[in-house]
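The values are calculated or read from the model by the stated rules, or taken from the named source; none is laboratory data. On a predicted model such as this, the values are computed, not experimentally measured, just so you know. Note that each Cβ is placed from the backbone with ideal geometry, even for glycine, and that neighbours are counted across all protein chains shown.
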Amino acid sequence: MTSLKPVRGTRDIMNEECRGHRHVASVGRDIARRYGFTEIATPIFEFSEVFKRTLGEASDIVTKEMYAFEDRGGSEITLRPEGTAGIARAFISNGLTQNLPCKFFYEGPMFRYERPQKGRLRQFHQVGVEILGVPTPQADIEVIALGAQMLGELGVGDKTVLEINSLGDRESRAAYRDVLVAYFTGHRDALSEDSRARLERNPLRILDSKDKGDRELIAEAPDMSDYLNEGSRAFFDTVLDGLESLGVEMSVNPRLVRGLDYYCHTAFEFTTEVLGAQGAVIAGGRYDGLIEQMGGPSTPGVGWAAGIERLSMLLSEPPALPRPIAVIPVGEGAQGPAMGIAHTLRENGYVVDMGYSGNLAKRMKRADRMNACAAVILGDDELERNSATLRDLDSGEQSEIPLDDLTDRLSAFR
RNA sequence: GUGGCUGUAGCUCAGUUGGUUAGAGCGCCGGCUUGUGGAGCCGGAUGUCGUGGGUUCAAAUCCCAUCAGCCACCCCA
């Protein structure tokens with residue numbers, strides 16, 4: 001009995017919801033194509049090592065959120081929790097290191113073993129983009145502009161804001177980390193329990209703690225921007241200037257950090273207020289160390305991932321379905337010819353519905369429920385005259401027309 | 001992993017201090033209408049009351065456990 005329910009944190013996506021998801025993915029795909037990205041579909045599972053190496057052994061995703069199992073051959077396998085690691089692996093596996101830059105778009109399901117809540121599922125879907133091999137800020141500007149454009153074309157631009165920060169290069173980040181640890185260690189007793197743990201593990205994360213006491217300390221904490229070295233500062237300024245010149249609105253948030261180890265320089269999120277606690281709809285940044293960390297040649301990268309479920313929750317209306325034309329046979333003798341007409345219309349690109357049973361009244365009712373725009377009624381009378389009755393279901397007007405003219409006459413309803 | 005709230009028809013929900021055959025609206029099916037939909041009228045079907053246990057003469061109702069959903073923490077898309 002319980003096995004007839006979907007597994008916790010998974011769901012069946014259908015009808016309007018499915019159309020919403022498709023819409024988000026196809027808008028993303030289309031815009032990415034306009035920016036010169038090509039699509040890549042990597043496997044939805046990889047050797048566990050791929051994620052452990054890239055995400056950082058201590059990250060939450062690796063320590064408690066991976067869907068990991070041993071397969072029949074004894075390999076340690078993990079359902080991908082995010083897209084970048086698999087793409088980095090594919091980039092190395094396929095020898096693309098000789099073919100830079102690479103610009104990838106991807107779309108598909110991701111898996112994390114988490115407690116479900118609003119905007120958070122165990123199987124969820126992302127679209128994402130990655131640029132590999134471009135060390136300069138132009139790539140950061142391009143991917144962020146792409147994200148902003150996608151939100152705009154989805155009609156949710158006014159519900160989201162872009163927050164951006166720089167984590168600096170390795171040197172800057174290490175320097176900042178040291179002063180931050182020193183600062184928070186000085187206030188250790190005032191920190192929340194969670195943040196005391198973060199102090200050991202990932203001190204930058206204290207900066208986005210929601211704890212009230214922590215927030216007071218954070219307000220007084222040293223700013224990342226004061227610890228960026230010259231190169232990192234210039235890099236960040238170029239990104240900000242570039243976005244501004246493209247008209248991308250943003251707000252610099254010095255407390256914005258990243259959970260995953262491989263980020264450096266630019267970190268950004270497009271967030272919304274209307275989704276509850278899970279406000280990030282697009283998140284990403286630069287990850288210059290990732291490919292090397294995986295065992296490939298040192299290759300810079302920058303990209304983002306967007307949550308399809310979260311974005312489609314922001315959509316006001318998924319795009320409408322095309323209205324079908326109902327083909328309605330009356331009487332046994334009309335079945336075959338009606339099937340033929342439906343077939344011809346479908347070959348000509350029309351959306352055609354033909355029910356499987358019922359008299360004329362029932363089929364008309366069904367056509368109405370399906371929001372059909374027209375009905376093609378075919379009975380013995382019409383058959384004798386080699387014609388059909390065409391009824392406009394909005395106006396109620398109908399007329400008999402020769403079968404040979406049907407395809408053309410229906411163009412008014414396309 | 002932690003905490004709070006909630007599980008009754010396909011959907012939204014009602015169900016009194018435990019008491020007989022568990023209800024409504026919407027939807028669905030059928031009829032009024034055997035060649036005409038949307039409106040109307042008439043009729044109909046549908047529930048392991050999330051699951052398992054317990055208390056009781058009697059449980060949708062009380063108790064325990066469990067599962068799931070929602071919301072928040074954590075973390076993140």
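General observations
- Residue in region A:388-407 that is under 14 Å from A:Ile325 (Cα atoms), within 36 Å of the chain's Cα centre (by Cα), more than 7 Å from RNA strand B (Cβ to nearest atom) and among the hydroxyl-bearing types (Ser, Thr, Tyr) present: no
- Flag for A:Tyr183 being under 16 Å from A:Val252 (Cα atoms), buried (at least 16 other Cβ atoms within 10 Å of the Cβ) and more than 32 Å from the chain's Cα centre (by Cα): no
- Of the strands (runs of 3 or more DSSP E) lying entirely inside region A:249-331, those carrying at least 3 residues that are under 30 Å from A:Arg414 (Cβ atoms) are A:325-329.
- Set A:Ile308, A:Ile341, A:Ile291, A:Ile282: member being of a type outside the set (D, E, K, R) and over 30 Å from A:Ala85 (Cα atoms): A:Ile341
- Of A:Gly83, A:Gly36, A:Gly108, all but one fail to be more than 16 Å from the chain's Cα centre (by Cα) and closer than 27 Å to A:Gly147 by Cα; the exception is A:Gly36.
- Screening A:Val143 against (1) in contact with a helix residue (DSSP H, G or I) (Cβ under 9 Å, 6 or more places away or on another chain); (2) of a type in the set (A, V, I, L, M); (3) at pLDDT 95 or above leaves a single unmet condition, (1).
- Residue satisfying all of: in region A:96-118; modelled with pLDDT of 90 or more and in a loop (DSSP other than H, G, I, E, B); farthest from A:Arg310 (Cα to Cα) among these: A:Leu100
- Matching entry among A:Ala361, A:Ala367 (being within 13 Å of RNA strand B (Cβ to nearest atom), at pLDDT 90 or above, under 22 Å from A:Arg414 (Cα atoms) and outside the structural domain of A:Val27 (by TED's automatic domain parsing)): A:Ala367
- Some residue of region A:250-259 being closer than 18 Å to A:Gly128 by Cβ and either within 16 Å of RNA strand B (Cβ to nearest atom) or surrounded by fewer than 17 Cβ atoms within 10 Å (Cβ to Cβ) (or both): yes
- Some residue of region A:372-387 being touching a residue at least 12 places away in the same chain (Cβ under 8 Å), within 35 Å of the chain's Cα centre (by Cα) and more than 8 Å from RNA strand B (Cβ to nearest atom): yes
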